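**Q** Okay, handing you the structure first.
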Amino acid sequence: MSKHLKRLAAPRSLSIKRKIAKWTIKPSPGPHPADRCIPLGIIVRDMLSLCDNRKEAKKIIGSGEILVDGKPRKDLKFPCGLMDVISIPKLDKSYRILFDKKGRLILVPIEGDEENWKLCLIKNKTTLKGNRRQLNLHDGRNIIVEEDKFKTGDTIKLSFRDNKIIDVYPMEKGTTALITGGSHIGEVAKIESIEIRRSFQPNMVTLMREDKKFSTIKDYVFPIGRDAPAITLPEVKAV
């Protein structure tokens, strides 16, 4: 496997200029897939413009000045993905990584208490000894809970300070959700109904957005709130 990545071959989710140089930073193996993450070096150098080149980015990151989900990360190639919170204490700035409507990962500025937690989608559940449940989350985390009150597809609001669950947003009718794949990627809509298919075909979710109804597979639906989104969303720019 190559340790390098050409800009022209980089995933479409990366918001980088393709023709100014031949190479870009390749993400290390980590909590997010390579085609759905941004290396920390690209965030510091290309997206936030905190430095001019890779050497300077490596120095900034190596000094522990950049926090990802409340922890200092010193790897230039550390993969940052959907819902991760990037914080720079010295500048008093924080950002959440979300998808835009073109399927690109972008940084959305956040303020206040929002920088102290993130939303995590429950991808799977595992039963442990003592009849305890382990929640397997979309960002590679595993959380052990005593009560089996969570379902696959639900989203939990997780605190960075004590790693505790603050709230839960269920995958059910009326919940506000973010679409993370397909032709409606980056859109926010309310769940109207969920169709469970007893076959090899994926389960389908019908959603409503501004009096427009559409359907997508359940794997692309990420609950982010009840009546309204619990997170700050990207600003809508006028064309």
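The values are calculated or read from the model by the stated rules, or taken from the named source; none is laboratory data. Here the structure is a predicted model, which means the values were calculated and not measured. All Cβ positions, even for glycine, are placed from backbone atoms using ideal geometry, and neighbour counts span all protein chains on display. Keep in mind that these areas ignore ligands, DNA and RNA; they rest on the heavy atoms of the full protein, side chains included. Shrake-Rupley method; radii C 1.70, N 1.55, O 1.52, S 1.80 Å.
**Q** Where in segment 161-239 are the strands (runs of 3 or more DSSP E), entirely inside, with at least 1 residues that are within 24 Å of residue 69 (Cα to Cα), open to solvent by less than 60 Å² (accessible area, probe 1.4 Å) and of a type in the set (Gly, Ala, Ser)?
**A** Ranges flagged: 176-179, 221-225.
**Q** Working carefully through the options 64, 30, find the one that is among the small types (Gly, Ala, Ser), in contact (Cβ under 8 Å) with a residue 12 or more places away in the chain and out of contact with any Leu (no Cβ under 9 Å at 6 or more places or on another chain).
**A** After applying the criteria, what remains is 30.
**Q** Find the residue count for segment 126-140, including only residues that are more than 16 Å from residue 163 (Cβ to Cβ) and of a type in the set (A, V, I, L, M).
**A** Looking only at that region, the number is 1.
**Q** Restricting attention to segment 27-47, and to residues there that are buried (at least 18 other Cβ atoms within 10 Å of the Cβ) and in a loop (DSSP other than H, G, I, E, B), which single residue is farthest from the chain's Cα centre (by Cα)?
**A** Only one residue tops the list, namely 27.
**Q** I would also like to ask the following. Which condition breaks for residue 9 when tested against (1) touching a strand residue (DSSP E or B) at 6+ places or on another chain (Cβ under 8 Å); (2) small (Gly, Ala, Ser); (3) at negative phi?
**A** (1)
**Q** May I pose another question? When you check residue 109 against the structure, is it part of a strand (DSSP E or B) and open to solvent by 20 Å² or more (accessible area, probe 1.4 Å), yes or no?
**A** yes
**Q** Taking segment 130-159, which residues are assigned to a loop (DSSP other than H, G, I, E, B) and either among the basic types (Lys, Arg) or surrounded by 16 or more Cβ atoms within 10 Å (Cβ to Cβ) (or both)?
**A** 138, 139, 141, 149, 150, 151, 153, 154
**Q** Take residue 118 and decide whether it is within 12 Å of the chain's Cα centre (by Cα) and among the basic types (Lys, Arg).
**A** Here the answer is yes, as residue 118 does meet what is asked.
**Q** May I ask you to say which residue of 100, 84, 69 is among the charged types (D, E, K, R), touching a residue at least 40 places away in the same chain (Cβ under 8 Å) and open to solvent by less than 10 Å² (accessible area, probe 1.4 Å)?
**A** 84 is the lone residue from the list that is among the charged types (D, E, K, R), touching a residue at least 40 places away in the same chain (Cβ under 8 Å) and open to solvent by less than 10 Å² (accessible area, probe 1.4 Å).
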